[in-house]
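Here is the structure we will look at, set down as structure tokens.
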Amino acid sequence: MSRRSEVLSLCVAVAIAVAAPGPKLSLGATPAAVHEASAPPAARPAPPVPSPAALGIEFVENSTSSLIVERDGKRYLVDPVSHTITDTGNPMETGADHRAAKASGSALMASQPDGAAIFKQKCSACHGADGKGVSAIHTPDFTNPQVQAQITDQQMTDIITHGKAGTMMAGWKGKLTDEEIATVRGFLRSLPGGNPSAQAAESKPKVYTPGDDLLFSLPTGRRVPRHGLIVNFTHRFPYTPAFTGPAKGGSLMGLDDFALPSFGFRYGLTSRLSVSIYRSPTFIARPIQLMAAYNFLDEQDGQHLNAAVRVSIEGQNSFSRNYTENLEGVFSRSLRSRAQLYFVPTLSLNDHRLFAPNSFFSSAIPNLPGYNTLSLGAGVALDIRPTVALVAEVIPTVVNGRPLEIHRPAYSFGIQKKIWRHAFTFGFTTSPGTTVSQRAGTRATFLEDPTADKPGGLFIGFDLSRQLF
Ligand code: HEC
């Protein structure tokens, strides 16, 4: 388009805007304010700025990083930050539609909020007219029962109120009243797939929701959503005990000493079947662990128990020697919605004594004899606040603990903060290892000091997990 014809079409748009400033214009408060602010103080009136609607632009209320452009009856969401343009799949509203929405909108502001109208006006641009989401911007399909099951009323309210950091989802606090937020949330729950009875049950929930894949070192056995990806980090500071020994101030309870940081990813192939890969560092023999897990019972589905089975293989020195094969059962049961008990029997074939290589060389990780062991992990999580849990666990090795020089059961306790799709657990433990077979070993073997797993040897550790998708 030439400069001239651009100017021309702008004039036409202005003309239309001036001539027909009525229902076609979908102006929120912001553009109107811009309008006023842009009026010059001088006597000579400036040409009026064309309305966004006349230009086919619609501001996304509450968003500073996206806007909607209308072309040929279609609406596109433009994100100038990521340079993406998304077909929202929502046809342009007709004037009549819009009038209706506006009318019901203003009526609801005055009297009773109408969730459908709020959704249509303020949310549908990004979430789709039918709430099914817009795949290009990763808005969830609210008609999918799994999506609905994954998020509690409280979490929905929080996200609608405060938004979601790092995403286009901005908070509506101050723009919608608490009542309106509750109503639009109710509307999302009323969509096909949103289960109003589950919602009713949720106001009086009976089932515990673990915040993390790990209690501390034991698995919680929780499901990961289909195509969900979780990253898990663990840190253990086994070299300096937290509460005993000299210069506690000097090493900040061991936090200033070396850590064993491990991390891995877990991916949901289906809503029941997941796979994971996990790796620990050199000074705990750099094992890589590959795992498949299957959840066959779940309290969320009305069963009396959560049950999962996990099979894994670990290989030390980056999966090149000292292989151990593990078979775990992970059973848990909620005590109402406040607490959960865990039982994790673990069979490890060719288990190896926990040791600390003293150099980065592969030769510092010798081939070790393997023993078949059985450990019986048990744990508990107790919510002391809606998003804060206390966790505790113990992992006695009941078969072949002696040859692995496990003198006392490994144990841990901590405090866990659970945020939406995110958890941080801080605690104390006697177990430096976090792979399936290593977690039953203790600091005593690791440091070759038989007394190092007494309570005085407790050291700091923390876990971090984040569901990325
Ligand atoms: C500018 C676009 C945009 C608007 C407008 C918008 N949202 Fe969102 N919303 C998003 C995006 C993007 C996500 C997904 C963020 C993610 O997880 O990556 C999201 C996520 C959500 C979630 C969390 C869903 C889940 O399971 O993860 C809820 C609930 C939600 N929005 C409700 C609303 C409501 C109610 C409104 C209207 C009052 C609204 N949104 C308006 C973009 C938007």
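Contact annotation: residue pairs with Cβ atoms under 6 Å, 6 or more positions apart or on different chains, pairing a residue in region 165-176 that is within 14 Å of residue 67 (Cα to Cα) and assigned by TED's automatic domain parsing to the domain that holds residue 64 with a partner that is surrounded by fewer than 19 Cβ atoms within 10 Å (Cβ to Cβ) and of a type in the set (Gly, Ala, Ser), are 169/163; 170/63; 170/163.
Taken over region 219-269, the criterion of being under 24 Å from residue 357 (Cα atoms) and among the aliphatic types (A, V, I, L, M) is satisfied by 242, 253, 255, 259, 260. The listed residues are 158, 178, and the only one of them that is under 19 Å from residue 422 (Cα atoms), at pLDDT 90 or above and not hydrophobic (A, V, I, L, M, F, W, C) turns out to be 158.
Scanning region 300-316 for residues that are surrounded by fewer than 20 Cβ atoms within 10 Å (Cβ to Cβ) and at pLDDT 95 or above gives 307, 309, 311, 313, 315. Annotation: residue 469 fulfils all but one of (1) buried (at least 24 other Cβ atoms within 10 Å of the Cβ); (2) assigned to a loop (DSSP other than H, G, I, E, B); the unmet one is (1). Once region 280-315 is narrowed to residues that are touching a residue at least 24 places away in the same chain (Cβ under 8 Å), among the polar types (S, T, N, Q) and not in a strand (DSSP E or B), the residue that is nearest to residue 224 (Cα to Cα) is 300. Across region 256-272, the number of residues qualifying as more than 26 Å from residue 318 (Cα to Cα) and either touching a Cys at 6+ places or on another chain (Cβ under 7 Å) or of a type outside the set (Asp, Glu) (or both) comes to 3. Number of residues in region 262-271 that are without any contact (Cβ under 8 Å) to a residue 60 or more places away in the chain and surrounded by 16 or more Cβ atoms within 10 Å (Cβ to Cβ) equals 5.
When you check residue 74 against the structure, is it away from the ligand (no atom under 11 Å from the Cβ), of a type in the set (Lys, Arg) and at pLDDT 70 or above, yes or no? Criteria met by residue 74. When 329, 302 are checked against the criterion of being closer than 24 Å to residue 398 by Cα and either in contact with a helix residue (DSSP H, G or I) (Cβ under 8 Å, 6 or more places away or on another chain) or assigned by TED's automatic domain parsing to the domain that holds residue 397 (or both), 329 stands alone in meeting it. In the set (1) farther than 28 Å from residue 71 by Cα; (2) modelled with pLDDT under 90; (3) within 12 Å of the ligand (Cβ to nearest atom), the condition left unmet by residue 196 is number (3). Among the numbered conditions (1) over 30 Å from the mean Cα position of the chain (by Cα); (2) touching a residue at least 24 places away in the same chain (Cβ under 8 Å), the only one that residue 440 does not meet is (1). The set of residues from region 213-238 being in contact with a Lys or Arg (Cβ under 8 Å, 6 or more places away or on another chain) and assigned to a strand (DSSP E or B) comprises 219, 229, 230, 231, 232.
Can you confirm whether residue 446 is among the aromatic types (Phe, Trp, Tyr) and either within 23 Å of the chain's Cα centre (by Cα) or under 18 Å from residue 382 (Cα atoms) (or both)? No: the conditions fail for residue 446.
The values are calculated or read from the model by the stated rules, or taken from the named source; none is laboratory data. Source: prediction; values computed, not measured. Glycine also receives a Cβ, built like all others from the backbone with ideal geometry; neighbour counts cover every protein chain displayed.
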